[in-house]
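The values are calculated or read from the model by the stated rules, or taken from the named source; none is laboratory data. Here the structure is a predicted model, which means the values were calculated and not measured. Glycine also receives a Cβ, built like all others from the backbone with ideal geometry; neighbour counts cover every protein chain displayed.
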Amino acid sequence: MTIIPIGREGDIVAARQKGRELAGSIGFSQTEQTLIATAISEIARNIIEHAGTGEVELGVIYDRGRSGILIVARDQGPGITDLEAAMRDGFSTRGSLGLGLPGARRLVDQLDVTSRPGHGTTVTMRKWVQ
């Protein structure tokens, strides 16, 4: 597993690049690598916007003869008070387009969010090589 600290815009670029490299190394197509990098961007940007700092962890996963990428984004920020609303397109607490979590969900095979107000948020994403 590789951990990339997130605290500024340049860290988003680093996380995207490491995710793209890891995805390429296990057989994802160029198009899938771009989708993975975009999902990482959305989630890492959320860390900066809502928590200030956090981390993105990247790793290879295996299940039933298939391989994939695991992306876990963690922060110790304010948490999400209404997770159901946060997963809807257009919902934003910061005046943005509100596409971060729902957008990332469309780019990966599985997205899970755990959050406790006042204690932070963890977003776990998985995408499998087709």
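Being under 12 Å from the mean Cα position of the chain (by Cα) and either without any contact (Cβ under 8 Å) to a residue 60 or more places away in the chain or farther than 26 Å from Thr81 by Cβ (or both) is the filter here, so list the residues in region 5-37 that pass it. Reasoning before the result, please.
In the first step, residues of region 5-37 are kept if they are under 12 Å from the mean Cα position of the chain (by Cα); the result is 6, 12, 15-16, 19, 35-37.
Within region 5-37, Ile12, Ala15, Arg16, Gly19, Leu35, Ile36, Ala37 meet the criteria.
From (1) out of contact with any Phe, Trp or Tyr (no Cβ under 9 Å at 6 or more places or on another chain); (2) of a type outside the set (Phe, Trp, Tyr); (3) more than 19 Å from Val113 (Cβ to Cβ), pick out the condition that doesn't hold for Ser67.
(1)
What about Ser29, is it modelled with pLDDT of 95 or more, among the polar types (S, T, N, Q) and farther than 19 Å from Ile3 by Cβ? Working first, answer last.
Values: modelled with pLDDT of 95 or more: yes; among the polar types (S, T, N, Q): yes; farther than 19 Å from Ile3 by Cβ: yes.
When the stated conditions are applied, Ser29 passes them.
For residues that are buried (at least 17 other Cβ atoms within 10 Å of the Cβ) and under 14 Å from the mean Cα position of the chain (by Cα), scanning just region 88-101, find the one that is modelled with the highest pLDDT.
Leu101
Please enumerate the residues belonging to region 64-86 that are without any contact (Cβ under 8 Å) to a residue 24 or more places away in the chain and closer than 22 Å to Ala23 by Cβ. Let's see the steps before the verdict.
Taking region 64-86 first, the residues without any contact (Cβ under 8 Å) to a residue 24 or more places away in the chain are 64-65, 82, 84-85.
Arg64, Gly65 - these are the residues of region 64-86 that are without any contact (Cβ under 8 Å) to a residue 24 or more places away in the chain and closer than 22 Å to Ala23 by Cβ.
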